[in-house]
Structure formats: structure tokens, C-alpha cells
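**Student:** I have a structure here, written as C-alpha cells, and I will follow up with some questions on it.
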Amino acid sequence: MLNLVLFGPPGAGKGTQSENIINKYGLVHLSTGDILRSEIARGTDLGRKAKSIMDRGDLVSDDIVIGMIDSKLDSNPNAKGFIFDGFPRTTGQAIALDDLLQKKGTGISAMIALEVTDEELTSRLLKRGESSGREDDKNESIIRNRINEYNLKTSPLKNYYSEQGKFHSIHGIGSVEQIFKAITDRIVFLNAEMDLTALETDIEHLDLTIQDFEVANDIAPELLLEIDAIKRAEAEEAEEEKENKKIARKALAKSSSNKKPAKKTVVAKKLLKGSAKKTAKRSLKKMVKAKTVKPKKKAVVKKSPAKKIVKKKVQVKKKPAKKAKGKKKK
Ligand code: AMP
């Protein structure tokens with residue numbers, strides 16, 4: 001957005017040059033003097049309050065003009081940019097304008113100041129008074145008061161904008177075309193400067209992106225290997241756990257039919273909790289193998305009516321199994 005403050009004392013040619021700038025750049029023209037005069041013409045409360053102040057050549061209060069600008073900014077949401085003419089006129093107004101624009105995500109691009117001597121201004125304004133019909137242009141003492149107000153309250157804004165690196169002085173004496181050419185030359189420079197800043201921001205961003213990309217590219221093979229290894233380890237672990245649980249379930253099923261809790265039951269429980277190791281699994285497998293057939297026979301024996309005999313038979317059958325297991329381990 002191109003937002004310009006067209007600056008200069010009364011009679012510097014701000015109105016005339018504003019028109020030229022608007023025609024060339026399609027900016028929205030916001031002139032607080034024009035808005036106030038239209039309020040007076042419509043006989044509004046604001047207009048009635050402002051009239052006597054303006055007729056004296058004094059400045060209308062900051063609150064009033066800031067409020068006017070705020071509502072004009074709101075009613076032009078799609079503007080390509082604004083040209084502020086006769087506003088801001090005090091440091092308070094300049095600060096308020098910065099705040100308003102910042103809220104809208106923009107800011108002042110530049111202040112273009114038309115520099116004209118006091119003598120030239122007075123003669124121009126008196127001449128304008130003959131045709132403009134403006135009360136404040138007719139009387140020399142009122143004109144002098146306006147110029148004084150400017151020098152006292154408005155002129156310090158040059159510092160405000162030059163501190164922000166936005167102050168551009170234009171020699172305001174010469175033909176309308178000459179002055180307009182000086183202004184457009186400055187706008188070309190400003191646009192180029194804004195494009196450059198945007199480009200620099202893009203490049204900065206691109207730089208970061210390239211750096212990120214390079215880092216990512218450097219570590220990518222390592223990362224991929226690591227991810228691969230983790231995936232494989234996880235798959236192995238899951239497979240192992242699945243098998244362990246299968247074996248453990250079988251072992252538990254067997255042991256539940258066995259009155260004496262076998263070693264395999266303890267190991268199986270551990271396995272089901274996922275805490276058993278490979279060795280436990282192997283020994284469990286052996287135990288299961290060694291006992292798979294025999295307990296089945298025990299179950300058949302259980303069905304016999306004599307409990308004592310069953311117990312004896314079970315004890316007898318268990319002993320050889322344990323011995324066999326011990327031998328295998330060695
Ligand atoms: P202008 O048409 O800009 O010369 O303004 C005419 C008169 O309107 C001034 O002399 C002030 O009385 C009043 N005025 C216009 N703009 C402002 C402003 N930004 N702050 C205070 N008063 C203003």
C-alpha cells in the first residue's frame with residue numbers, strides 16, 4: 001500500500017498536487033480541511049463546532065479530526081493507498097494515524113513536504129481568497145495565524161517523519177507540472193525502495209528455506225536409516241511378543257489342568273506381561289514340549305474315581321519329565 005502524507009503550510013499547493021497524484025496512482029484522497037468544510041456545508045453539529053475555529057485560523061481539536069480519519073479509513077477497506085492532505089497537523093495526530101494504520105496492517109510510506117516561503121504563501125492565499133470564497137483565505141491576519149499555527153504545531157512533524165526515515169522535501173515553488181514531476185520522481189524512488197524491501201524479505205525467507213533444506217538433506221539418509229531400524233526393531237519385538245503370548249497361553253492352559261503350579265506357569269505369566277526374555281521363552285518351549293503329551297494323559301487319569309491313585313500317578317509322571325529337562329539344559 002502506498003500511503004502518503006502530503007505536507008506543507010496552507011497555500012503550499014497540497015490540494016492541487018493531491019489531485020494529480022490521485023489521478024496517476026489511484027489513491028484515496030483524505031483531506032481533513034475538505035471533510036470539515038463539507039460538515040459545515042451540511043450544517044452538522046461537528047460542522048457548527050468547527051466553523052468558528054476554522055474561521056479564526058486555529059486548529060480543530062485532535063479528537064475530532066482523528067475520529068474523522070478513522071471512519072474514512074474504515075469506509076475505504078479496498079483502497080490501494082491513501083493520500084493524507086492537511087492531516088496530521090500535530091504530533092498527537094501523527095501518532096494516532098500510525099496506530100490506526102498499524103491496526104489495518106499498513107503504515108505511512110512517506111511524507112512529501114512542499115517547501116514554500118511564508119511570503120509566497122501569503123500572496124498565494126490572498127489570491128485564492130478572491131475566487132475560493134473561503135473566509136480563512138480572505139483576511140491577511142487570519143492567513144498569518146494559519147501559517148503561525150503551522151510553524152508552531154505542524155512543522156515539528158518533519159522531525160517525527162525524518163526520524164522514521166520517511167521525510168521527503170520537495171521544492172514547492174515553480175509550475176504545477178514541475179512540482180508534480182519532482183513528486184512523481186520521488187514516488188518512483190519510493191516504490192522501488194518498497195519493492196526492494198519486499199524482495200529483501202523474500203530473499204531472507206528463501207535463505208532460511210534453503211538452509212533448512214540443506215540441513216534436512218544432510219541428515220536425511222541418517223534419519224531414514226534410523227527410522228528404518230526403529231521400524232524393524234518394533235516389528236521384531238511385536239512378533240516376538242505375539243509368539244511369547246501364544247506359547248504362554250498354551251502353557252497356562254496346560255498348567256491350569258495341573259494341580260501343582262509348574263515352573264512354566266510362572267514363566268508364562270511373565271511372558272504375558274511382556275517381561276520375559278528369549279531364554280525364558282526357549283526354556284518354556286522345552287517345558288511345553290516335554291509336558292504337552294503327559295498332562296493329557298493325566299487328565300484322563302483324573303477321571304478315574306480314586307483320587308489317591310491319581311495323585312500318585314501324577315507324581316510319578318512328573319519326575320521323569322523334570323529329569324529330562326535338566327539333562328537337556330546341561
Ligand atoms: P486546510 O483546508 O487543510 O487548510 O484546513 C482548513 C482549516 O481546517 C484549518 O485552518 C483548520 O482550522 C482545520 N483543519 C483542517 N485539518 C485539520 C487538522 N488535521 N487538524 C486540525 N484542524 C484542521
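What follows draws every value from the coordinates through simple rules; no lab data is involved. Because the structure is predicted, anything quoted here is derived from the model rather than measured. Virtual Cβ from ideal backbone geometry, glycine too; neighbours counted across all protein chains shown.
**Student:** Quick one: 3J(HN,Hα) in Hz for the range 6-19, Karplus 6.51/-1.76/1.60 with θ = phi - 60°, rounded, Gly and Pro as x.
**Tutor:** 8, 10, x, x, x, x, 6, x, 4, x, 4, 5, 4, 4
**Student:** Still on this structure, please answer the following. Give me, ordered by chain and number, the residues 5 or more places off A113 or on other chains with an amide H under 5 Å from its own placed amide H.
**Tutor:** Amide H neighbours of A113, under 5 Å, 5+ apart: F7, H168, S169, I170.
**Student:** Return the long-range amide H neighbours of S31 (sequence gap of 5 or more, or a different chain), with a cut-off of under 5 Å between placed amide H atoms.
**Tutor:** Excluding prolines and chain starts, which carry no amide H, the hits are D85.
**Student:** What does the highest-first list of 122-135, 79-92 look like by mean Cβ count within 10 Å?
**Tutor:** 79-92, 122-135
**Student:** Going through the cross-link list K24/K51; K231/K254; K24/K127; K103/K158; K80/K103, which pairs have a Cα-Cα distance over 26 Å in this structure?
**Tutor:** Violating the 26 Å limit, Cα to Cα: K24/K51; K231/K254; K24/K127.
**Student:** Report the extension gain between V215 and F189 in nm, rounded to one decimal, defined as 0.36 nm multiplied by the number of residues separating them, less their alpha carbon distance.
**Tutor:** Working: separation 26, 0.36 × 26 = 9.36 nm, distance 3.85 nm.
Extending this stretch completely gives an extra 5.5 nm.
**Student:** Okay, next question. How are the alpha carbon pair distances in the range 1-93 distributed across 10 Å bins from zero to the largest one, expressed in percent?
**Tutor:** Histogramming the range 1-93 at 10 Å steps yields 15, 48, 32, 4 percent.
**Student:** A further question follows. Might you report the magnitude of the Cβ-based charge dipole of the range 1-103 about its Cα centre, with Lys and Arg at +1 and Asp and Glu at -1, to the nearest 20 debye?
**Tutor:** Here the size comes out at about 260 debye.
**Student:** Using r as the Cβ-Cβ distance of L196 and L223, and R0 as 35 Å, what FRET efficiency do you calculate, to the nearest 0.05?
**Tutor:** On the way: r = 38 Å, r/R0 = 1.09.
The formula returns an efficiency of 0.35 here.
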